[in-house]
1. Is it true that V123 is among the aliphatic types (A, V, I, L, M) and either touching an Asp or Glu at 6+ places or on another chain (Cβ under 7 Å) or over 28 Å from D88 (Cα atoms) (or both)?
2. Would you pick out the residues in region 144-184 that are over 17 Å from Q71 (Cα atoms), more than 14 Å from the ligand (Cβ to nearest atom) and either among the acidic types (D, E) or modelled with pLDDT under 95 (or both)?
3. Given the conditions (1) over 17 Å from the mean Cα position of the chain (by Cα); (2) at pLDDT below 95, and given that M26 satisfies all but one, which numbered condition is not satisfied?
Amino acid sequence: MITVRPMQAADIEGVIALQKRAFPKMPPWTRRQLRLHLEHFPEGQLVALDRTGRVVGSASSLIIDWDPSEQLASWSRITGNGTFKTHDPVRGRTLYGADIGVHPDSRGMGVGAALYQARRQLVVRFNLRRIVAGGRIPGYAEVADAMDAETYIQEVAKGRLKDTVLGFQLAQGFRVRGVIPGYLPCDKASCGYATLIEWINPAYHGALGRPAA
Ligand SMILES: CC(C)(COP(=O)(O)OP(=O)(O)OC[C@H]1O[C@@H](n2cnc3c(N)ncnc32)[C@H](O)[C@@H]1OP(=O)(O)O)[C@@H](O)C(=O)NCCC(=O)NCCS
């Protein structure tokens with residue numbers, strides 16, 4: 001049984017341990033960053049716990065003021081270098097998924113789906129227009145000699161190639177709006193690329209006196 005709930009300060013060590021396993025080739029969140037996430041937007045930081053109380057998944061989010069006609073900036077710019085000081089609940093209508101990770105031993109068992117369900121509930125609760133994220137494409141480096149990133153994404157979307165992250169996100173109802181080069185340079189498996197993915201909240205009803213974004 002998996003429980004998803006907002007992260008608490010007591011979960012910080014568990015989240016860092018999880019991150020090291022979920023993203024082995026990338027630097028994990030620091031304690032300071034995780035504390036700042038809780039300060040800026042506690043409701044947006046989610047953890048998934050197994051029946052023993054171990055953190056087996058986490059998803060970090062912030063609200064951003066994003067114009068959908070524009071390209072998404074880099075991960076580090078959007079997240080304020082991972083601090084979430086860029087969180088903007090006043091003007092923002094977009095939940096930005098800064099990361100989602102599941103422990104390798106717990107993958108394929110619905111943990112990621114449960115975290116995304118909680119994220120969608122968050123979007124409905126805060127009456128946000130959408131979720132966007134820069135999705136990793138960790139299967140790309142293996143075939144990068146043979147095709148460009150756009151072709152790779154199309155092949156995954158058509159089911160002709162498999163990608164552990166993009167496949168999951170498509171199964172979660174996201175659509176790919178574009179490809180972002182240089183999004184996360186330390187992500188060698190994705191050759192630094194990301195997909196600009198979006199999920200639209202069907203329950204969004206705008207804000208009084210303000211047009212829907
Ligand atoms: C991406 C990730 C979070 C998925 O988590 P997960 O717990 O394994 O995913 P789930 O078991 O909840 O899968 C949910 C659904 O997606 C489907 N799915 C999962 N991976 C898939 C894939 N590669 N291709 C197609 N469908 C996939 C599952 O079949 C399931 O569908 P169902 O509900 O109809 O059965 C996990 O693989 C991970 O942590 N990866 C490494 C970290 C990472 O790169 N995160 C993404 C940052 S952008």
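The values are calculated or read from the model by the stated rules, or taken from the named source; none is laboratory data. Not measured: the values here are computed from a predicted model. In this analysis, Cβ positions are derived from the backbone assuming ideal geometry, glycine residues included, and neighbour counts consider all displayed protein chains.
1. On the way: among the aliphatic types (A, V, I, L, M): yes; either touching an Asp or Glu at 6+ places or on another chain (Cβ under 7 Å) or over 28 Å from D88 (Cα atoms) (or both): no.
Against the criterion (among the aliphatic types (A, V, I, L, M) and either touching an Asp or Glu at 6+ places or on another chain (Cβ under 7 Å) or over 28 Å from D88 (Cα atoms) (or both)), V123 does not qualify.
2. D145, D148 - these are the residues of region 144-184 that are over 17 Å from Q71 (Cα atoms), more than 14 Å from the ligand (Cβ to nearest atom) and either among the acidic types (D, E) or modelled with pLDDT under 95 (or both).
3. It is condition (1) that M26 fails.
Here's the yes/no breakdown for (1) buried (at least 21 other Cβ atoms within 10 Å of the Cβ); (2) assigned to a loop (DSSP other than H, G, I, E, B); (3) hydroxyl-bearing (S, T, Y):
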residue: A17; (1), (2), (3): no, no, no
residue: P24; (1), (2), (3): no, yes, no
residue: P28; (1), (2), (3): no, yes, no
residue: R32; (1), (2), (3): no, no, no
residue: E43; (1), (2), (3): no, no, no
residue: V47; (1), (2), (3): yes, no, no
residue: T52; (1), (2), (3): no, yes, yes
residue: D67; (1), (2), (3): no, yes, no
residue: G82; (1), (2), (3): no, yes, no
